[in-house]
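Structure first, then comments.
The values are calculated or read from the model by the stated rules, or taken from the named source; none is laboratory data. The model shown is predicted, which means the values in this text are computed figures rather than measured ones. With ideal geometry, Cβ positions are generated from the backbone for all residues, glycine too; neighbour counts draw on all protein chains shown. We work out accessible area using only protein heavy atoms, side chains counted, and drop any ligands, DNA or RNA first. Shrake-Rupley method; radii C 1.70, N 1.55, O 1.52, S 1.80 Å.
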Amino acid sequence: MNQTKWTVRDMAQIALVAALYMVLTVVPPLNAIAYGPYQFRLSEMLNFLAFYNRKYLVAVTIGCMISNLIGFGVIDVFVGGGSTLVFVTLGVYFLKKYQNEYVWNGVLNKAFLYFSIFFSMTMFTIALELHVLYQSPFLVTWFTTAAGEFASLIVGSLIIDRLAQRIDFTK
């Protein structure tokens, strides 16, 4: 979708998804597992909306940046938010072609599975941030953040894929 032709409805949907991302990240008890070396963010499921419409890429990036500002600080706004923008964009660009294919007898969307693997591997950015700021062991932190990211994305992929059968996210 061309960004210069966003409607009021588009902007409202972007704001709603960004707010939903934020709520699913910062509201107790979900905030207890949303930050640091062990992360499980239910809000990450909203990344899959970008497969349906690019406006949701803006929404999840804004939601991530606000959540990171509230929960972890200014540096994480740029590291986490920048990672979300870059890697969700790349994931959608390279993996969208698999969106109509399923694995395991139609249980899991193939694009979403590949994206979950890809995006989990990109947690090196968060591991590096935690290593530089807090001397967390880089490889262990990369593993734990990637594992949490993968788990949250797989759960989210099942939810978003089922919702997409009832809600047209392309609009």
Here are the criteria: (1) in a loop (DSSP other than H, G, I, E, B); (2) surrounded by 20 or more Cβ atoms within 10 Å (Cβ to Cβ). Tell me which single one Leu46 does not satisfy.
(1)
Looking only at segment 112-140, and only at residues there that are among the polar types (S, T, N, Q) and in contact (Cβ under 8 Å) with a residue 40 or more places away in the chain, the one that is least open to solvent (accessible area, probe 1.4 Å)
Ser116
Phe143 passes all but one of (1) of a type outside the set (Asp, Glu); (2) touching a Phe, Trp or Tyr at 6+ places or on another chain (Cβ under 9 Å); (3) without any contact (Cβ under 8 Å) to a residue 24 or more places away in the chain; which number fails?
(2)
Taking segment 138-171 only, how many residues are touching a helix residue (DSSP H, G or I) at 6+ places or on another chain (Cβ under 6 Å) and within 30 Å of Asp10 (Cβ to Cβ)?
9
Write out, first by first residue and then by second, each pair whose Cβ atoms fall under 6 Å of each other, whose residues are 6+ apart or on separate chains, and whose first residue, in segment 20-37, is in contact (Cβ under 8 Å) with a residue 60 or more places away in the chain while the second is surrounded by 15 or more Cβ atoms within 10 Å (Cβ to Cβ) and part of a loop (DSSP other than H, G, I, E, B).
Ile33/Phe40; Pro37/Ser136
The number of residues in segment 56-74 that are in a helix (DSSP H, G or I) and over 14 Å from the mean Cα position of the chain (by Cα) is 4
Pick from Thr145, Thr89: which is in a helix (DSSP H, G or I) and within 28 Å of Pro28 (Cβ to Cβ)?
Thr145
